Every structure is written in C-alpha cells, then in structure tokens.
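Structure record follows, encoded as structure tokens.
The values are calculated or read from the model by the stated rules, or taken from the named source; none is laboratory data. Remember, it's a predicted structure, so these values are computed and weren't measured experimentally. Methodologically, a virtual Cβ is constructed for each residue, glycine included, from the backbone with ideal geometry; neighbour enumeration extends over all protein chains shown.
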C-alpha cells in the first residue's frame with residue numbers, strides 16, 4: 001500500500017473515531033465562530049442603520065435559548081463599543097395569535113443610544129430601515145430585584161413594590177431584515193434585541209402619586225393635532241403587573257438581576273402605528289404628554 005493511501009486510511013479512521021465518540025467540541029467551535037461573526041455583523045448594521053441578516057437562516061439549531069444567547073452577545077458587543085443598557089422592553093404583548101409565530105411575549109434590552117427626550121425631532125430614514133411606533137408606558141424600577149423560578153407566581157404587591165414611578169413612553173422597534181418580514185420568524189426578532197432601536201421617554205410620576213389604577217390610564221393619540229387613536233395602560237398583556245412579572249420570570253430563567261433605575265417598556269397599548277412624518281402628541285391620563293416629530 002502506498003504511503004499516500006495509507007495516510008488517507010488513517011485520516012478516515014481518525015474521523016470515524018472522532019464521530020463515533022460523540023465529541024461535538026469541534027462542531028461547537030464552528031458554531032461559536034459563526035455566531036461571533038454574525039454578532040459583529042449585527043452590531044455593525046445596528047450602528048450603520050442597515051437591515052439585519054436573519055439569524056435563523058444562517059445558524060443551525062437556533063432555538064429560543066440560542067436566540068437569547070445571541071441577543072446577549074449582540075448587546076454586550078454594543079456595550080463594548082460604548083453603549084449602555086438602560087432597561088428592558090417587552091414585545092408582542094397583545095392577544096394570541098402573535099406575529100411571526102411567537103408563543104408569548106419577547107424580551108430585549110433598551111440602550112442609552114436609543115433614548116430621545118420628549119419633544120425631539122427624529123429623522124425616519126436616518127434611524128430605521130423598517131420601523132413602527134409603539135404607544136406604551138414605562139415602569140421605573142426602584143430597587144434591585146432577583147428571583148428564582150420557584151418564587152413564581154408573584155403577588156401583585158410583590159411586583160408593584162419594585163416600581164418607583166411610571167412615565168409615558170413611545171418605543172420604535174426596528175423590523176428591517178434582508179429577507180423581508182415574510183422570510184423571518186420570532187427568533188430573528190429575539191436575536192435583534194426584540195427590535196429595540198429608539199424610544200421617547202416622558203416625565204416620570206411617582207407611583208405613590210398616581211390616583212388611578214395602574215391599568216386604567218387612558219391614552220389619546222394625536223398626529224398633526226388630529227385624534228388618530230385611543231388606548232389604555234392595561235392593554236399590555238392585560239395588566240402592567242402581568243407584563244412586569246413576565247419580564248421578571250424571563251430574567252429568573254436566565255439568572256439576571258433587574259437593576260434599580262431600569263426603564264421597563266411594558267409593551268404596545270394596541271397595535272403599532274406606521275412611521276409617518278408628522279407631529280405626534282400622546283396624552284396620558286394623570287401622567288402628562290409625550291411629544292415628538294417624525295421627518296423624512
């Protein structure tokens with residue numbers, strides 16, 4: 001037998017033994033390398049305001065846990081580049097069936113770079129590839145909180161004791177993917193940090209000063225002084241308390257502490273609005289007004 005044939009046989013034998021032993025380290029290294037490369041791409045696209053490539057079409061075995069792992073790596077990369085986590089957001093808090101096959105609400109992180117003051121003017125084309133306008137409220141967390149899964153369900157009092165204040169909030173998710181909306185599923189949205197891209201935060205009212213139920217705050221929505229919609233604060237998962245508890249359960253599953261000062265965007269109060277130019281004014285009962293202008 002020639003030396004070249006003998007070498008080929010030895011290599012094939014080694015590969016057979018490698019596979020038979022069930023050693024997946026090599027495969028895992030390949031997957032991790034692909035994920036790291038895609039995380040860098042996501043961070044670059046986020047900063048350049050370009051569409052994301054769908055992670056589900058590029059990474060194998062991309063289940064919910066893998067999607068949230070990817071999101072964590074993506075956000076950590078943005079933090080390494082100088083950004084800062086300011087809180088959390090919930091998505092798909094409406095009634096089932098939810099978009100893109102989502103089995104429940106999605107969770108993501110809010111970042112300092114996404115924050116806009118009430119009264120801001122925001123350029124649509126400079127900020128989103130394909131965005132939307134979500135009418136929401138924000139809960140401001142007053143103290144650190146960490147729970148075990150065995151602690152759930154929490155009482156209403158346990159949840160509300162974490163909340164220091166409440167504020168008007170408009171959250172603008174990014175839905176721009178290279179494959180288009182028909183070519184993605186909900187795990188792609190988990191991967192892109194639940195679409196977090198920008199938010200406008202109004203003035204905070206201490207929860208102790210709120211004179212109506214936290215789920216009974218009426219909201220009126222105006223564009224260019226015309227009333228275009230109405231909603232109420234209890235429309236996110238049926239209750240602000242339920243929305244915050246859902247986030248707390250998610251954080252418990254991932255051994256994450258909710259930090260004091262965090263802004264919690266609890267989900268859209270009704271369907272999202274399209275990104276149309278105009279002057280927007282959202283009037284919140286007892287909380288005041290949130291305003292912004294969208295331009296092209």
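Where in region 185-296 are the strands (runs of 3 or more DSSP E), entirely inside, with at least 3 residues that are closer than 19 Å to residue 142 by Cα?
Correct list: 263-265.
Within the bounds of region 165-180, is there any residue that is at positive phi and within 21 Å of the chain's Cα centre (by Cα)?
yes
For residues in region 248-262 being in contact with a strand residue (DSSP E or B) (Cβ under 6 Å, 6 or more places away or on another chain) and crowded, with 20+ Cβ neighbours inside 10 Å, which is farthest from residue 198 (Cα to Cα)?
Step by step, filter region 248-262, then rank; the result is 258.
Okay, residues lined up against (1) surrounded by 21 or more Cβ atoms within 10 Å (Cβ to Cβ); (2) at pLDDT 95 or above; (3) out of contact with any strand residue (DSSP E or B) (no Cβ under 8 Å at 6 or more places or on another chain); (4) over 20 Å from residue 127 (Cα atoms):
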| site | (1), (2), (3), (4) |
| --- | --- |
| 48 | no, yes, yes, no |
| 61 | no, no, yes, yes |
| 65 | no, yes, yes, yes |
| 78 | yes, yes, no, no |
| 84 | no, yes, no, no |
| 100 | no, no, yes, yes |
| 106 | yes, yes, no, yes |
| 110 | yes, yes, no, no |
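Mind checking which pairs have a first residue in region 237-264 that is under 15 Å from residue 109 (Cβ atoms) and a second that is part of a helix (DSSP H, G or I), Cβ under 7 Å, 6 or more apart or different chains?
Note: pairs meeting the criteria are 254/68; 258/248; 258/251; 264/244; 264/247.
Each row is one residue, and each column tells you yes or no for (1) farther than 25 Å from residue 43 by Cα; (2) in contact with a helix residue (DSSP H, G or I) (Cβ under 8 Å, 6 or more places away or on another chain); (3) without any contact (Cβ under 8 Å) to a residue 60 or more places away in the chain; (4) not in a strand (DSSP E or B).
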site: 90; (1), (2), (3), (4): no, yes, no, no
site: 97; (1), (2), (3), (4): yes, no, yes, yes
site: 100; (1), (2), (3), (4): no, yes, no, yes
site: 110; (1), (2), (3), (4): no, no, no, no
site: 121; (1), (2), (3), (4): no, no, no, no
site: 136; (1), (2), (3), (4): yes, no, no, no
site: 154; (1), (2), (3), (4): yes, yes, no, yes
site: 158; (1), (2), (3), (4): yes, no, yes, yes
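Filter region 204-232 down to the residues that are within 30 Å of residue 150 (Cβ to Cβ) and under 25 Å from the mean Cα position of the chain (by Cα), then identify the one that is surrounded by the most Cβ atoms within 10 Å (Cβ to Cβ).
Filtering first and then ranking leaves 214.
Does residue 39 meet the test of being at pLDDT below 50, within 28 Å of residue 101 (Cβ to Cβ) and assigned to a helix (DSSP H, G or I)?
The answer is no for residue 39.
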